[in-house]
Amino acid sequence: MHLSRRLTTVCLAAATAALMATPAMPAAAANTPSVYAVSETPAQFDDAAGGDANADDPAIWFNAADPDASLVIATAKQGGLRVHDLGGNEIQSIPAPAAPGPENEPGRYNNVDLLSGLKIKGSRTDIAVVSDRGRDRLRIYGIDRHHPDAPLTDLTDPAAPRVFSATEADVDEQQTAYGLATWRDAATGRYYALASQRHTTGLAMLELTATATGKVTYHRIRTLALPSSFDIGNGTRWTPCDEPGRTPQVEGMVVDAERGVLYAAQEDVGIWRMRADLTGTPRIVDKVREFGIPGTYDPVTEECTAGADPGVGGKRITADVEGLTIYREDDGKGYLLASSQGDNTFIAYEREGDNDYVGNFRVAPAASGGPDAIDGSEECDGAAVLNAPLGDGYPHGLLVVHDGFNAPDVTGDDGEIRTNTNFKFVDWDDVADALDD
């Protein structure tokens, strides 16, 4: 076919068995097809001179009244939030909240997702929802197409609760809201966000509601804990290697709202599929290649030394598995895309059925080279795709991916290299051609 993220925690003892029942899938092609970015956003620098900005996760807002004026809204961690036009130009910068005290953590915007038509003071409003990893909150911004120079306005209720932490001291430990996905339940008309907890396997479902004053708040519905260790056969149990006290976290998440399905990328494990309301038993879609490999943590180097590979891992994803996004087609078909961060590729699965493997591709550096050439995407954290005509530049849709090592490097006044990050914009037609090959 043409290819045009203190209530009861759900126990998942059955999930490990579901994991081991993963069906066999075809091996990925030996030669990964390349696609190239059409444009990119300005470089972000994670230092004092750059405002501690570090690109992470994008979302694409479709302006139905003027598709050419659609926006890419993206997180910059401690640098806050950035809004870009379709040429990659920055049109708005929103700072993350300051720390409430000298010993506390400042705001740090990790992931972003969008919702359409939340009723606020009688009017339907599109909103951007952000996970504030630094302060353990969700931040909500209204999107107004009538203010093209500053389309986002903070609508967060000042009394909005912490997502996971019970106290301010817990916030400063930073086991806080991390990954994020949003969805609207068509049956009830209610709006939800799903947040993952940093350094744990925990997920939380939160309902978003507008207040009488025109702000947006949320409350927690339920939580779920994914497995942290796995039976890999022959009486062997495997736990991904990490710093003591940490369990394998989730960051990349996306909801297929039409099917009521959440996909969650557990970084060192694989991609889980589950009900978006966090009920039922999750099952695995695909595992990382490193699944099952034992490791020994060295507290001096803060690294893990790998042992012998038992051969129970996947065939396509090289850990970490990160950004997840869905390309939706009108017939209910489409594609689940995942960032295979360890080898700088992207994996495509069918949206329908059992999420069968389709193909892979790489966002590569421009073949022409030269000082104005756009480089590729490395160590991609977040990605977003939209199937909509976005002017002449993206007639069948746009893919935006994070670049963890933007080139070229920049030398600071002190002579040190300032590595930087940004986002790459890719014409969906190029991805479709790569996956059709």
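The values are calculated or read from the model by the stated rules, or taken from the named source; none is laboratory data. If you're wondering where the values come from, they're calculated on a predicted model, not measured in any experiment. Cβ atoms come from the backbone with ideal geometry, glycine included; neighbour counts cover every protein chain shown. Note: accessible area is taken over every heavy atom of the protein model, side chains too, but ligands, DNA and RNA are not part of it. Shrake-Rupley method; radii C 1.70, N 1.55, O 1.52, S 1.80 Å.
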Original post:
Does Asp154 satisfy the condition of being modelled with pLDDT of 95 or more, of a type in the set (Asp, Glu) and under 23 Å from Ala384 (Cα atoms)?
Top reply: yes
Subject >> Selection count, the stretch 245-268, where residues are modelled with pLDDT of 95 or more, assigned to a loop (DSSP other than H, G, I, E, B) and not charged (D, E, K, R) >> reply: 5
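This table checks each residue for (1) touching an Asp or Glu at 6+ places or on another chain (Cβ under 7 Å); (2) assigned to a strand (DSSP E or B).
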position: Ala98; (1), (2): no, no
position: Pro102; (1), (2): no, no
position: Ser131; (1), (2): no, yes
position: Tyr141; (1), (2): yes, yes
position: Asp149; (1), (2): no, no
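Output the residues belonging to the stretch 80-122 that are among the small types (Gly, Ala, Ser) and open to solvent by 10 Å² or more (accessible area, probe 1.4 Å).
Going residue by residue through the stretch 80-122, those that are among the small types (Gly, Ala, Ser) are 80, 87-88, 93, 96, 98-99, 101, 107, 116-117, 122.
Selection gives Gly87, Ser93, Ala96, Ala98, Ala99, Gly101, Ser116, Gly117, Gly122.
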Subject >> Only one of Tyr263, Tyr297 that is of a type in the set (Phe, Trp, Tyr) and surrounded by fewer than 24 Cβ atoms within 10 Å (Cβ to Cβ) >> reply: Tyr297
**OP:** For the stretch 141-148, indicate whether the set of residues that are small (Gly, Ala, Ser), at pLDDT 95 or above and farther than 25 Å from Leu278 by Cα is non-empty.
**Re:** yes
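Per-residue answers, yes or no, for (1) among the β-branched types (Val, Ile, Thr); (2) at pLDDT 95 or above; (3) within 28 Å of Asp433 (Cα to Cα):
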| residue | (1), (2), (3) |
| --- | --- |
| Ala27 | no, no, yes |
| Ala37 | no, yes, yes |
| Phe62 | no, yes, yes |
| Asp66 | no, yes, yes |
| Gln78 | no, yes, no |
| Arg82 | no, yes, no |
**OP:** Could you give me the residue pairs with C-beta distances under 6 Å whose first residue belongs to the stretch 316-329 and is farther than 12 Å from Ala257 by Cα, whose second residue is assigned to a loop (DSSP other than H, G, I, E, B) and modelled with pLDDT under 95 wherever it lies, and which are 6+ apart or on separate chains?
**Re:** Arg316/Ala28; Glu329/Ser4
Subject >> Criterion (surrounded by 13 or more Cβ atoms within 10 Å (Cβ to Cβ), farther than 29 Å from Arg362 by Cα and either in contact with a strand residue (DSSP E or B) (Cβ under 6 Å, 6 or more places away or on another chain) or modelled with pLDDT of 95 or more (or both)) met by exactly one of Asp277, Asp286 >> reply: Asp277
Original post:
Which of the residues that make up the stretch 230-244 are crowded, with 20+ Cβ neighbours inside 10 Å and assigned to a strand (DSSP E or B)?
Top reply: Phe230, Ile232
Original post:
Between a first residue in the stretch 123-140 that is open to solvent by 10 Å² or more (accessible area, probe 1.4 Å) and a second residue that is of a type in the set (D, E, K, R) and in a strand (DSSP E or B), which pairs have beta carbons less than 8 Å apart while being 6 or more apart in sequence or on different chains?
Top reply: Thr125/Lys119; Arg133/Lys77; Arg139/Asp132; Arg139/Asp154
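Anything in the stretch 209-264 that is among the aromatic types (Phe, Trp, Tyr) and under 23 Å from the mean Cα position of the chain (by Cα)? List them, or say none. Don't jump to the end; show me each part of the working.
Restricting attention to the stretch 209-264, the residues satisfying the condition of being among the aromatic types (Phe, Trp, Tyr) are 218, 230, 238, 263.
Matches in the stretch 209-264: Tyr218, Tyr263.
Please find, among Thr213, Thr201, the residue that is hydroxyl-bearing (Ser, Thr, Tyr) and closer than 23 Å to Leu118 by Cα.
Values: Thr201 fails: closer than 23 Å to Leu118 by Cα.
Exactly one residue qualifies, and that residue is Thr213.
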